[in-house]
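Only one structure is covered here, and it is reproduced in the block below.
What follows draws every value from the coordinates through simple rules; no lab data is involved. Please read these numbers as outputs of a predicted model, since none were measured by experiment. Ideal geometry is used to build each Cβ from the backbone, glycine not excepted, and the neighbour counts take in all protein chains shown.
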Amino acid sequence: MFSSDVIQRLADCQKVAVLTGAGVSAESGISTFRGVGGQWDKLDPMKLATPEAFAKDPKFVWEWYEARRRQVAEAKPNIGHEVLAGMENFFSQFTLITQNVDRLHHQAGSHHPIELHGSLWMVRCMAGCGEWEDRHELVDLPPKCPHCGALLRPGVVWFGEGLPPEAWEEAEKAAVECEAFLVIGTSALVYPAAALPEQALKRGKLVLEINPEETPLSSKVGLSVRAKAGEALFSLRDELEKVASVDNKQKGGAQ
Ligand code: OAD
């Protein structure tokens, strides 16, 4: 799946960044957005994931988000999430950037995933009274702010909105400073997130993609592996561990 040259180059890196998308959670039973059977195949995102859609029909939008929250509440992280959590111990500087709003990376043990598109579990007061919190249980739909009574909205980024500035700054820094950048389970169509691997490519970094389908990035990266995230990451961990154990033995022998 990965050539020994690529594995050695990756194993030699200190600073690694990863961008994940919906494909990483597909093996946890959460459907992706695009493609056959995807969320946007069944529903028009402009009617669900925009400030205009929410202003027009907050109950409809909330019902859809609440159904997704219930689906995600039942889901468990898969081997792909687990391998990525473990990579924090393998590389001295490891930055996990995600477009996913399901928090499965957190559940798998990743310490600080950068959430570019927010979280399904956060709610925010539309009146800007400062209410912005993690809320798993909602009594009525659409929910109201307990402080000022205004509408609460899902704490995700919608089409036409900017990304959380701190998250974006941190993600860009990682893309610019890393030695290798992995792009996993994303169609690489939604900007600005899709600009991150492009920035790494522009600077000549090793960029690897894992996706069962071809994307606009596939022909530009160093290696594009056609596989599911879980199986490819399992194999990647195995290969990296083999290289690390050989390297350790060689270092030990030289002492
Ligand atoms: P998409 O649904 O656009 O793309 C999912 C990608 O995952 C596709 O390229 C699939 O080929 C790939 N895929 C499917 N199963 C996989 C598996 N088992 N392993 C690895 N890859 C697999 O999802 P995103 O790229 O995450 O934004 O979408 C980006 C943004 O568009 C989302 O964050 C969301 C959406 O609209 C907002 O809601 C603002």
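Table for the structure above
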read-out	value
Extreme residue, surrounded by the fewest Cβ atoms within 10 Å (Cβ to Cβ), among residues of region 15-67 that are closer than 26 Å to residue 198 by Cβ and away from the ligand (no atom under 14 Å from the Cβ)	15
Helices (runs of 4 or more DSSP H) contained entirely in region 1-92, each with at least 2 residues that are at negative phi and in contact with a Pro (Cβ under 6 Å, 6 or more places away or on another chain)	58-74
